[in-house]
Amino acid sequence: MVRPALAVLLISVLFTACSTNNVTVDNSLQKYFDSAGVKGTFGLYDNGQGHFTIYNLARFRDSAYPPGATFDVLQALIAVQTGVAANENSPLFQPDSAETGAGSIRLAAAIGKDSLKKWVDSLRYGNKDISEYTDSAHPSGHLAITADEQLGLTKRLYFDQLPFFQRTQKLVRQMFLKEENSNYRLVYKTGKTTQSNGKVTVWIIGWEEENKHPYFFVLNMEPANAQTNVSTLGLQLVKNILGPMGFFAGKK
């Protein structure tokens, strides 16, 4: 088992860093956000080319937001790695609302604050602030993460580059597999948070894989309607963006 205290030594930089040399800022994608009645950012990383396509670069790199139920990705890794959950059939992973993060509450309580704090600190997850953690509420509190960091986390999960057993990472990848057919595999996690001022933030993080070539994506958006269904609107927005780029046809 890799101890969390050693995680920083094992990976010099956890999250993906982008530079002007490998980034295309595509503001034409704004039309999809406008059509959906939301504002936000979208990032796509073509691993084979080492290239980013990003809409709203400032928000992608510099603005951090609560992770909501996307925090379950990290918590699932911790739970399996530490033995809190034996496998994907654990009651901790039973289906619930992807938007409310009820599963996050179960995971957080089972893992415990001390263990969670060690991993969050060692992995440099977002701003690492879980000071508002309680066993009866979602542990994010003031925790916030950028879209760039979210993309980096999913990329390293795909390639078994996080400081967890390969079995742990493979199991968690399989947990979030949503669509699979002869053309593609779509793996993602949604999240939604409502802050005290009523502001809603929605996430979809994951990857689309064709012919064993992964393309990592992150969507962060703010819907005007607090009752927005994450799985419906967010996923449709992702597909509206990726479809015209030639995805989902098995030709990438």
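Just so it is clear, none of the values below were taken in a lab; they were calculated from the coordinates. All figures in this text were calculated on a predicted structure; none of them were measured in a lab. All Cβ positions, even for glycine, are placed from backbone atoms using ideal geometry, and neighbour counts span all protein chains on display.
Let me know the whole percent of all Cα-Cα pairs from segment 207-250 that are separated by more than 15 Å.
Details: 455 of 946 pairs.
Of all Cα-Cα distances in segment 207-250, 48 percent exceed 15 Å.
Just rank Ile130, Ile78, fewest to most, by other beta-carbon atoms within 10 angstrom.
Going from sparsest to densest Cβ surroundings: Ile130, Ile78.
To make sure I understand, if each residue's beta carbon is the centre and we count other beta carbons within 10 Å, what order do Tyr125, Tyr184 fall in, fewest to most? Don't jump to the answer; show the numbers that get you there.
Values: Tyr125 22, Tyr184 19.
Ordered from fewest to most neighbouring Cβ atoms within 10 Å, Tyr125, Tyr184 come out as Tyr184, Tyr125.
List every residue whose amide H lies under 5 Å from the amide H of Lys39, counting only residues 5 or more places away in sequence or on a different chain, with H placed 1.01 Å from N in the peptide plane.
Those lying under 5 Å, H to H, from Lys39 are Glu222.
Got a sec? How would Lys31, Lys118 order by Cβ neighbour count within 10 Å, fewest to most?
Least crowded to most crowded, the residues run Lys31, Lys118.
Using a Förster distance of 25 angstrom, determine the FRET efficiency expected from the C-beta separation of Asp34 and Lys178, and round it to 0.05.
That gives a FRET efficiency of 0.45.
Computed FRET efficiency, Cβ-Cβ of Asn47 and Glu132, R0 41 Å: what is it to the nearest 0.05?
The value I calculate is 0.70.
Once label points are set 7 Å from the Cα along Cα→Cβ at both Gln166 and Gln94, what is their separation, rounded to one decimal in nm?
Placing both labels 7 Å beyond Cα along the Cβ direction yields 3.4 nm.
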